[in-house]
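As structure tokens, the structure follows; a few thoughts come after it.
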Amino acid sequence: MRVTVCGAAGEVTGSCYLVETERAKLLVDCGLFQGNRDADEKNLAALPVDPSELDAIVLTHAHLDHSGRLPLVVKRGYAGAIHGTPPSLDVCEILLEDAAHIQAQTVGHINKRRRRNHEPLIEPLYRREDVDKVVGLFAPLPYDTPREVAPGVSARLVEAGHILGSSSVVLTVQEGGAERTVLFSGDIGPWDRPILRDPAPPSSADVVFMESTYGGRDHRSLHDTVEEFHGILEDAVRRRKKLLMPVFAVGRTQQVFYHLASAFRSGRVPKFPVYLDSPLGQKATALYMKHRCIYDEEMNELRQTQQLKQDLSSLQYTQTPDDSRALNDVDGPCLIMAGAGMCNGGRILHHLRHGLERPDVEVILVGFMARHTVGRTLAEHAHTVRIFGDDLRVRARIHTLGGFSAHAGQTDLLRWLGIVAPSQPRLVLTHGEEDERLALAKQAQDRFGLAAERPELGDVLEL
């Protein structure tokens with residue numbers, strides 16, 4: 001058996017692993033590279049396997065950096081099942097549809113310029129019809145239900161606590177008269193957070209492929225983060241500020257709703273207009289309501305009493321681009337939540353373009369920002385930022401609230417690893433920038449005596 005690392009090696013996007021045994025070939029995840037200058041080139045590059053030879057694909061969760069290359073693989077010949085939890089596959093469908101739509105829009109704008117310059121036209125990575133083919137291959141796999149997904153390979157999905165439907169993948173491989181267990185963490189969520197259940201990794205494995213996004217640091221405590229968030233809201237109401245918040249449609253949007261609701265319910269913050277300017281975020285929120293089996297105890301209680309609906313009575317959804325543009329003329333106090341979460345596309349860029357140069361605007365960053373994204377530039381408190389070819393002077397106040405992250409910080413990553421560490425697995429760290437991987441590797445060695453490997457893109461690990 002061997003595993004080829006086809007993404008997320010020394011970076012946090014493009015997650016994809018090719019698993020090969022004497023009888024089977026399968027992928028765990030097939031995500032887009034995002035943010036980096038060579039992302040398009042990496043996305044178009046062929047995988048080290050003919051997709052038509054694959055027996056299966058198993059998905060940890062639906063975020064595009066884990067699922068976004070699925071249409072490319074299907075375009076190139078894959079016709080087998082795509083296994084994932086039922087909520088994850090539902091989310092994957094809307095994310096891939098949105099990705100295809102954005103690509104079509106982006107390529108359309110680029111090709112207008114190329115036509116004027118008599119340059120060759122370009123094609124999007126994939127189109128909506130390619131996404132439809134992917135959805136036709138979905139094979140829902142409930143949590144904690146082993147299934148043979150390829151000859152000699154059984155998959156079991158366990159709770160990862162990251163976003164709706166997220167899982168870690170436990171592969172049990174029968175080969176050469178022996179049985180091996182390979183665990184792929186996917187993205188691990190923090191413990192004791194609202195809405196979702198806590199991560200539940202298995203107690204043993206022979207090999208662990210583990211994410212390390214925040215391997216070198218912890219987030220600010222959730223309590224302190226919520227306190228700061230509520231303070232920003234109070235100040236915005238008092239000074240009639242306009243707040244802009246880039247959010248991921250799945251996970252971050254719903255968590256912010258939860259903490260907005262608590263601010264309004266307590267009376268600490270008077271209700272004021274909140275706009276979700278993200279059709280995708282609206283669809284994702286509907287899926288959170290559909291898949292109530294993933295709720296933790298507290299969220300179930302709020303749902304049963306209809307309390308959240310009452311708390312968020314000032315929430316308004318925008319649908320069309322005209323609705324979105326109309327928000328430019330809305331005065332504060334108000335909060336505009338829009339995608340994309342790293343400010344690398346979507347409607348938030350238009351709001352930032354109109355708001356960053358205004359001192360009466362504040363921007364709240366609530367998630368991880370990959371290198372070379374507008375969000376990362378703002379998080380680093382740059383004086384200027386380039387959006388749609390224009391250099392904008394940043395006069396708006398920028399807040400960074402890392403405690404809302406859906407990723408486990410170092411302490412929770414080690415808590416997760418500590419559950420499986422007594423079995424002394426071979427540990428492979430991926431899905432993290434190199435300084436984060438190094439920090440987590442040191443902790444794994446010091447605490448558990450595990451010498452972590454840090455593969456590069458394309459590396460092949462013989463198991």
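The values are calculated or read from the model by the stated rules, or taken from the named source; none is laboratory data. Please read these numbers as outputs of a predicted model, since none were measured by experiment. Positions of Cβ are generated from backbone atoms using ideal geometry, with glycine treated the same way; all protein chains shown enter the neighbour counts.
Brief remarks on what is shown
- The residue of the range 322-333 that is surrounded by the most Cβ atoms within 10 Å (Cβ to Cβ), among those that are out of contact with any strand residue (DSSP E or B) (no Cβ under 9 Å at 6 or more places or on another chain) and in contact (Cβ under 8 Å) with a residue 24 or more places away in the chain, is R325.
Listed here are the residues, each with its yes/no results for (1) among the β-branched types (V, I, T); (2) surrounded by fewer than 24 Cβ atoms within 10 Å (Cβ to Cβ); (3) closer than 30 Å to R353 by Cα.
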site	(1), (2), (3)
D198	no, yes, no
S204	no, yes, no
S212	no, no, no
R220	no, yes, yes
T225	yes, yes, yes
P246	no, no, yes
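- Residue in the range 278-299 that is polar (S, T, N, Q) and surrounded by fewer than 15 Cβ atoms within 10 Å (Cβ to Cβ) present: no
- Of all residues in the range 108-141, those that are under 24 Å from G77 (Cα atoms) and not hydroxyl-bearing (S, T, Y) total 19.
- Condition met for I364 (modelled with pLDDT of 95 or more, crowded, with 21+ Cβ neighbours inside 10 Å, outside the structural domain of D40 (by TED's automatic domain parsing) and closer than 24 Å to V226 by Cα): yes
- S221, sole failed condition from (1) under 21 Å from the mean Cα position of the chain (by Cα); (2) among the small types (G, A, S); (3) modelled with pLDDT of 95 or more: (3)
- Residue match in the range 436-454 (condition: of a type in the set (D, E) and either touching a Gly at 6+ places or on another chain (Cβ under 9 Å) or outside the structural domain of Q174 (by TED's automatic domain parsing) (or both)): yes
- Any hit, the range 382-390, residues being polar (S, T, N, Q) and within 18 Å of N344 (Cα to Cα): yes
- As for the range 162-185, it holds at least one residue that is in a loop (DSSP other than H, G, I, E, B) and over 26 Å from the mean Cα position of the chain (by Cα).
- Annotation: of all residues in the range 404-429 being β-branched (V, I, T) and closer than 20 Å to S204 by Cβ, the one that is surrounded by the fewest Cβ atoms within 10 Å (Cβ to Cβ) is I419.
- Residue check for A100: surrounded by fewer than 24 Cβ atoms within 10 Å (Cβ to Cβ), touching a residue at least 12 places away in the same chain (Cβ under 8 Å) and in the same structural domain as I188 (by TED's automatic domain parsing): yes
- Where K112 falls short, out of the listed (1) within 21 Å of E20 (Cβ to Cβ); (2) free of Cβ contacts under 8 Å to residues at least 24 places away in the same chain: (1)
- Test set (1) in a helix (DSSP H, G or I); (2) assigned by TED's automatic domain parsing to the domain that holds L335 - P422 fails condition number: (2)
- Selection status of L121, in the same structural domain as D144 (by TED's automatic domain parsing) and either crowded, with 22+ Cβ neighbours inside 10 Å or part of a helix (DSSP H, G or I) (or both): no
- Where T384 falls short, out of the listed (1) among the hydroxyl-bearing types (S, T, Y); (2) over 30 Å from E434 (Cα atoms); (3) in contact with a Leu (Cβ under 8 Å, 6 or more places away or on another chain); (4) loosely packed, with under 15 Cβ neighbours inside 10 Å: (2)
- Just one of the numbered conditions (1) loosely packed, with under 15 Cβ neighbours inside 10 Å; (2) not in a helix (DSSP H, G or I) is not true of L457: (1).
- Hits in the range 134-150 (condition: part of a loop (DSSP other than H, G, I, E, B) and in contact with a strand residue (DSSP E or B) (Cβ under 9 Å, 6 or more places away or on another chain)): L137, L141, P142, Y143, D144, T145, P146
- Listed by position, the strands (runs of 3 or more DSSP E) contained in the range 372-414 that have at least 1 residues being among the polar types (S, T, N, Q), over 17 Å from the mean Cα position of the chain (by Cα) and within 26 Å of D192 (Cβ to Cβ) are 397-400.
- Scanning the range 134-167 for residues that are among the polar types (S, T, N, Q) and in contact (Cβ under 8 Å) with a residue 24 or more places away in the chain yields S166, S167.
- Residues located in the range 403-427, provided they are touching a strand residue (DSSP E or B) at 6+ places or on another chain (Cβ under 9 Å) and within 21 Å of F368 (Cβ to Cβ): A406, H407, A408, L413, W416, L417
- Screening the range 243-342 for strands (runs of 3 or more DSSP E) wholly inside it with 1 or more residues that are in contact with a Lys or Arg (Cβ under 7 Å, 6 or more places away or on another chain) returns the ranges 274-277, 334-338.
- Subset tally (residues that are under 23 Å from V208 (Cα atoms) and at pLDDT 95 or above) for the range 391-408: 1
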